[in-house]
Amino acid sequence: MKGNLLFFLLVVFQVNAIFAQQDDLLTTFQGHKINSALDWEMERRAEILYYFEQEIYGMQVKIPSSFVLQRRLVMQEEVHYGTTSVLHQEWSLVWRDTLKGRIQMEVPMTLFIPREQAVKGVFVSLNFYGNATMDTLKSIPFNTAYIPANEKFKIVNHQLTEASRGTSAWRWPIAEIMASGYALATCYAGDFAPDHRAHFRKGVLQFDVHSRRFNRHASGAIGAWAWGLNQMMTALEKSPTLSKSVPRIVVGHSRLGKAALWAGVTDSRWDMVISNNSGCLGAAQSKRPVGEDVYRITKRFPYWFARRCRHYAKHEERLALDQQMLLALVAPRPLYVASAIQDEWADPEGEYLSWCYAQEVYALYAKSPKTPCQFPAVNQPQILTGLPIGYHVRKGDHDITMYDWKRFMEFGDLHFH
Ligand code: GTR
């Protein structure tokens with residue numbers, strides 16, 4: 001009885017860590033000045049990562065140690081995109097509980113690898129409506145998890161239909177990616193966490209040890225998507241057709257851009273991190289009163305974040321510093337942020353500012369030239385030799401387009417060759 005009461009009190013009055021207001025990325029919550037990359041990593045980086053776990057995205061997903069990830073090759077074939085010969089593989093990622101001797105979760109992964117040249121890098125990305133929407137290839141199986149209703153993608157009764165095939169192909173310029181020598185792997189985000197407030201726990205979060213109890217710091221859907229991306233990398237590392245030395249690039253658009261950033265931050269195996277139009281609680285500044293704010297995002301999508309995140313709704317002033325803290329956690333690895341000028345909801349200039357302010361941490365690692373924080377003109381990408389971070393704002397609206405992918409590949413070419 002006493003034990004229960006104590007547990008109840010602990011749950012209800014969870015003590016929140018105090019994160020002091022900051023006006024400097026390089027000053028710790030305790031007021032220590034950071035002067036070196038070592039101090040950054042040992043002190044400041046660690047506390048900022050903890051801050052984002054506790055306050056925004058929730059603690060990193062942790063599944064029971066009896067679960068093992070296995071991969072099964074379901075199908076492979078040679079396909080052609082223009083003159084490029086491509087190996088198309090369908091994988092099934094399986095989490096088996098070795099204690100219970102049963103499969104707890106199964107996620108299909110679609111992989112494309114250019115065949116006739118050394119692979120320059122592999123883009124790893126989640127999709128919004130199922131793998132089969134990215135291309136018309138009949139050999140891509142249908143995901144069976146819940147899919148949000150959407151006429152544009154021909155989703156009927158929350159499932160894919162034959163007419164869904166290739167409906168998001170404009171977002172996946174496979175021909176260009178393959179011709180440029182990059183591989184591409186994708187999974188459906190909803191397999192890791194369905195994008196719905198009533199269903200989001202039906203993916204990995206049902207096994208997350210932190211989500212088991214009433215816990216306002218447990219992960220939301222973004223954390224589950226990030227976990228999925230990190231697991232995809234683990235699966236790819238074992239791939240016989242993709243050498244381990246191939247650089248791994250995590251990329252995502254919009255809500256999945258937030259997830260790509262969180263994956264890049266929580267798993268240092270990523271060699272490059274790309275955010276496309278990630279907006280509020282992605283790359284954008286939270287304290288700039290432009291576009292989406294914490295109140296609106298947590299009201300509409302409360303399940304994306306830790307429950308604790310609602311504490312900042314209409315109270316952005318309570319947040320420590322701003323989202324440059326998140327971007328800086330990628331350092332010293334190459335980071336690319338992409339915006340679109342008409343995407344006002346994501347606040348392109350706010351995305352740019354976080355990117356620009358994060359340079360302070362990159363400067364601890366190398367004497368890289370810092371660009372002054374001046375919002376660039378549309379379609380004038382900041383991809384410069386010696387600069388570990390890249391940025392562009394393109395013309396047009398909220399989307400991920402050929403223009404964006406071409407810049408990502410230029411940025412990859414610059415850093416990996
Ligand atoms: C919007 C949301 C944004 C962004 C976007 C998307 O409704 O407010 O934060 O994530 O969805 O994912 O397309």
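The values are calculated or read from the model by the stated rules, or taken from the named source; none is laboratory data. Being a predicted model, the structure only gives us computed values, none of them experimental. Cβ coordinates were reconstructed from backbone atoms using ideal geometry, including for glycine residues, and neighbour counts include every protein chain displayed.
Kindly check whether there is at least one residue in the stretch 8-27 that is modelled with pLDDT of 95 or more and more than 26 Å from the chain's Cα centre (by Cα). Lay out the reasoning, then the answer.
Residues of the stretch 8-27 that are modelled with pLDDT of 95 or more, as a first pass: 25-27.
Then keep just the ones that are more than 26 Å from the chain's Cα centre (by Cα); that gives 27.
Checked against the condition, which is being modelled with pLDDT of 95 or more and more than 26 Å from the chain's Cα centre (by Cα), the stretch 8-27 yields at least one hit.
Table: residues versus (1) in contact with a Ser or Thr (Cβ under 8 Å, 6 or more places away or on another chain); (2) among the small types (Gly, Ala, Ser); (3) part of a loop (DSSP other than H, G, I, E, B); (4) farther than 19 Å from GLY130 by Cβ.
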residue: GLU176; (1), (2), (3), (4): no, no, no, yes
residue: ALA183; (1), (2), (3), (4): no, yes, no, yes
residue: THR186; (1), (2), (3), (4): yes, no, no, no
residue: GLY190; (1), (2), (3), (4): no, yes, no, no
residue: PRO194; (1), (2), (3), (4): no, no, yes, no
residue: ALA198; (1), (2), (3), (4): no, yes, yes, yes
residue: VAL209; (1), (2), (3), (4): no, no, yes, yes
residue: ALA226; (1), (2), (3), (4): yes, yes, no, yes
residue: THR234; (1), (2), (3), (4): no, no, no, yes
Can you tell me which of GLY264, GLY257 is buried (at least 20 other Cβ atoms within 10 Å of the Cβ) and in contact with a Phe, Trp or Tyr (Cβ under 6 Å, 6 or more places away or on another chain)?
GLY264
Somewhere in the stretch 348-357, is a residue in a loop (DSSP other than H, G, I, E, B) and under 26 Å from LYS287 (Cβ atoms)?
no
Sort out which residues of the stretch 247-292 are within 16 Å of the ligand (Cβ to nearest atom) and either of a type in the set (Asp, Glu) or assigned to a strand (DSSP E or B) (or both), and write them in order of number.
VAL251, GLY252, HIS253, ILE274, SER275, ASN276, GLU292
Which residues, taken from the stretch 362-392, are under 16 Å from TYR336 (Cβ atoms), more than 19 Å from the chain's Cα centre (by Cα) and among the β-branched types (Val, Ile, Thr)?
THR371, ILE383, THR385
Going by what's in this entry, would LYS100 be described as over 26 Å from the mean Cα position of the chain (by Cα), within 29 Å of PHE207 (Cα to Cα) and in a loop (DSSP other than H, G, I, E, B)?
yes
Taking the stated definitions as given, is ALA366 among the hydrophobic types (A, V, I, L, M, F, W, C) and surrounded by fewer than 19 Cβ atoms within 10 Å (Cβ to Cβ)?
yes
Lone qualifier among ASP267, ASP208, ASP271 - being within 18 Å of VAL124 (Cα to Cα), of a type in the set (D, E, K, R) and over 13 Å from the mean Cα position of the chain (by Cα)
ASP271
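Any residue in the stretch 136-150 that is over 21 Å from the mean Cα position of the chain (by Cα) and within 16 Å of the ligand (Cβ to nearest atom)?
Let us first name the residues in the stretch 136-150 that are over 21 Å from the mean Cα position of the chain (by Cα), namely 136-142, 144, 149-150.
Narrowing further to those that are within 16 Å of the ligand (Cβ to nearest atom): 149-150.
There is at least one residue in the stretch 136-150 that is over 21 Å from the mean Cα position of the chain (by Cα) and within 16 Å of the ligand (Cβ to nearest atom).
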Could we say that THR298 is within 15 Å of the ligand (Cβ to nearest atom), β-branched (Val, Ile, Thr) and more than 17 Å from GLU344 (Cα to Cα) here?
yes
Return a yes/no flag: does the stretch 229-240 have any residue that is more than 16 Å from the ligand (Cβ to nearest atom), under 19 Å from LEU49 (Cα atoms) and touching an Asp or Glu at 6+ places or on another chain (Cβ under 7 Å).
yes
Just checking, which of TRP355, TRP345 is more than 23 Å from TRP270 (Cβ to Cβ), touching a residue at least 12 places away in the same chain (Cβ under 8 Å) and either more than 16 Å from the ligand (Cβ to nearest atom) or out of contact with any helix residue (DSSP H, G or I) (no Cβ under 7 Å at 6 or more places or on another chain) (or both)?
TRP345
Answer yes or no as to whether ALA306 is farther than 25 Å from VAL204 by Cβ and either within 16 Å of the ligand (Cβ to nearest atom) or buried (at least 19 other Cβ atoms within 10 Å of the Cβ) (or both).
no
Please find, among SER139, SER125, the residue that is in contact with a Cys (Cβ under 9 Å, 6 or more places away or on another chain), hydroxyl-bearing (Ser, Thr, Tyr) and at pLDDT 95 or above.
SER125
Regarding the stretch 270-281, can at least one residue be identified that is out of contact with any Gly (no Cβ under 6 Å at 6 or more places or on another chain), surrounded by fewer than 24 Cβ atoms within 10 Å (Cβ to Cβ) and either modelled with pLDDT under 95 or among the basic types (Lys, Arg) (or both)?
no
Candidates LEU327, LEU242 - the one that is touching a helix residue (DSSP H, G or I) at 6+ places or on another chain (Cβ under 7 Å) and either surrounded by fewer than 22 Cβ atoms within 10 Å (Cβ to Cβ) or more than 21 Å from ALA340 (Cα to Cα) (or both):
LEU242
Taking the criterion of being outside any loop (DSSP other than H, G, I, E, B) and either within 15 Å of the ligand (Cβ to nearest atom) or free of Cβ contacts under 8 Å to residues at least 12 places away in the same chain (or both), would at least one residue in the stretch 361-370 satisfy it?
yes
Name the residue, out of ARG197, ARG165, that is more than 23 Å from ALA224 (Cα to Cα), surrounded by fewer than 23 Cβ atoms within 10 Å (Cβ to Cβ) and in contact with a helix residue (DSSP H, G or I) (Cβ under 6 Å, 6 or more places away or on another chain).
ARG165
Output for the stretch 117-136, where each listed residue is closer than 19 Å to GLU237 by Cα, of a type outside the set (A, V, I, L, M) and part of a strand (DSSP E or B):
GLY121, PHE123, SER125
